[in-house]
Amino acid sequence: MLNTLRTGSANGRPPLLIVHGLYGSARNWGVIAKRLSDEREVLTVDMRNHGESAHFPTHSYADLADDLAEVIAANGGQADVVGHSMGGKASMVLALEHPEMVNRLVVADIAPVAYSHTQVQYIHAMRGLDLSAISTRGDADRALKVSVPEDGIRAFLLQSLDVKGKRWRLNLDTLEAEMSKIVGFPEVTGQFTGPTLFLSGAESDYVLPAHRETVKAHFPKARFSRIPGAGHWLHAEKPREFEATLRVFLNA
């Protein structure tokens, strides 16, 4: 089963399952999980090939959805689910394939469509880091800045670096091999008719008006909301606004 961090206590409400995006981990969501745990138990997972979860040769959304279903089955059989980016796609496939397991669904800044961009350049940057020469996170930051000049992205990637173990907590080989599946979206049928919120950053172009017909075909009760001043990493850029919006929707 996926490595799972628990925050708060079970109290009769469905747990809240938080699903991170590509190159992320459960630990990235620690502050938000702790704040939301005042109302129910919160489960944050390391997806396969990320964090402390097992490495596999595949990374399809069917795989990811099955992994999430296993976690929910072991924690009462139903959950509210929040997924960001890659995690949002995995959460959508989970809701479409196992609708009985999802109470309410929040999809953060992603649509059920294939995208043309790739994130493989960051794999090349991480793989190109000479870990034998790295003694501190500062060393890693300075070395990685050559290929990843953006401070925020570099800081995010370095959260997956085990400096002492001189390894990345990411299965870079599988993630590179499966990148077309990660930026794509599988052919899926069916609908999830439960309450669904597509929450986007107002400055992000990941969820466009042109996507709404496709969203509504799969999620007929979908509602759309945008957080002003936030981009794709809306939960990191505007954490309080993100948290407040989740509370309103999940408690409706």
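Do we have any residue at all in segment 195-204 that's polar (S, T, N, Q), under 25 Å from Val81 (Cα atoms) and either without any contact (Cβ under 8 Å) to a residue 40 or more places away in the chain or not in a loop (DSSP other than H, G, I, E, B) (or both)? Steps first, answer last, please.
Applying the first criterion (polar (S, T, N, Q)) to segment 195-204 yields 196, 200, 204.
Pick out the ones that are also under 25 Å from Val81 (Cα atoms) and you get 196, 200, 204.
So of that shortlist, the ones also either without any contact (Cβ under 8 Å) to a residue 40 or more places away in the chain or not in a loop (DSSP other than H, G, I, E, B) (or both) come out as 196, 200.
There is at least one residue in segment 195-204 that is polar (S, T, N, Q), under 25 Å from Val81 (Cα atoms) and either without any contact (Cβ under 8 Å) to a residue 40 or more places away in the chain or not in a loop (DSSP other than H, G, I, E, B) (or both).
Among the residues of segment 1-48 satisfying the criterion of being of a type in the set (D, E, K, R) and within 21 Å of Val93 (Cα to Cα), which is farthest from the chain's Cα centre (by Cα)? Steps first, please.
At the first step, the residues of segment 1-48 found to be of a type in the set (D, E, K, R) are 6, 13, 27, 34-35, 38-41, 46, 48.
If we keep only those that are within 21 Å of Val93 (Cα to Cα) as well, we get 46, 48.
Numbers: Asp46: 9, Arg48: 12 Å.
Ranking the candidates gives Arg48 first.
Which condition does Met1 not pass, out of (1) more than 26 Å from Ser180 (Cβ to Cβ); (2) buried (at least 24 other Cβ atoms within 10 Å of the Cβ), if it passes all the others?
(2)
Would segment 30-45 turn up any residue that is modelled with pLDDT of 95 or more, in contact with a Phe, Trp or Tyr (Cβ under 8 Å, 6 or more places away or on another chain) and under 25 Å from Glu237 (Cα atoms)?
Yes, there is a match, as at least one residue in segment 30-45 is modelled with pLDDT of 95 or more, in contact with a Phe, Trp or Tyr (Cβ under 8 Å, 6 or more places away or on another chain) and under 25 Å from Glu237 (Cα atoms).
Just to be sure I understand, how many residues within segment 66-111 are under 18 Å from Tyr206 (Cβ atoms) and open to solvent by 10 Å² or more (accessible area, probe 1.4 Å)? Explain how you work it out, then say what you get.
Residues of segment 66-111 that are under 18 Å from Tyr206 (Cβ atoms), as a first pass: 82-93, 105-111.
Of the ones still in play, those that are also open to solvent by 10 Å² or more (accessible area, probe 1.4 Å) are 85.
Total satisfying the criteria: 1.
Taking the residues in segment 135-192 that are more than 30 Å from Lys221 (Cβ to Cβ), among the small types (Gly, Ala, Ser) and not in a helix (DSSP H, G or I) as candidates, determine which candidate is least open to solvent (accessible area, probe 1.4 Å). Can you show your working first?
If we filter segment 135-192 for residues that are more than 30 Å from Lys221 (Cβ to Cβ), which is where we start, we get 135-180.
Subsequent filtering for residues that are among the small types (Gly, Ala, Ser) retains 135, 138, 140, 143, 147, 152, 155, 160, 165, 177, 180.
Keeping just the survivors that are not in a helix (DSSP H, G or I) gives 135, 147, 160, 165.
Working: Ser135: 88, Ser147: 67, Ser160: 6, Gly165: 43 Å².
The selected residue is Ser160.
Can you report the number of residues in segment 170-196 which are touching a strand residue (DSSP E or B) at 6+ places or on another chain (Cβ under 6 Å) and acidic (Asp, Glu)?
Final tally of qualifying residues: 0.
The values are calculated or read from the model by the stated rules, or taken from the named source; none is laboratory data. Predicted model only: the values in this text are computed from it and were never measured. In this analysis, Cβ positions are derived from the backbone assuming ideal geometry, glycine residues included, and neighbour counts consider all displayed protein chains. What goes into the accessible areas is simple: the full protein's heavy atoms, side chains included, and nothing from ligands, DNA or RNA. Shrake-Rupley method; radii C 1.70, N 1.55, O 1.52, S 1.80 Å.
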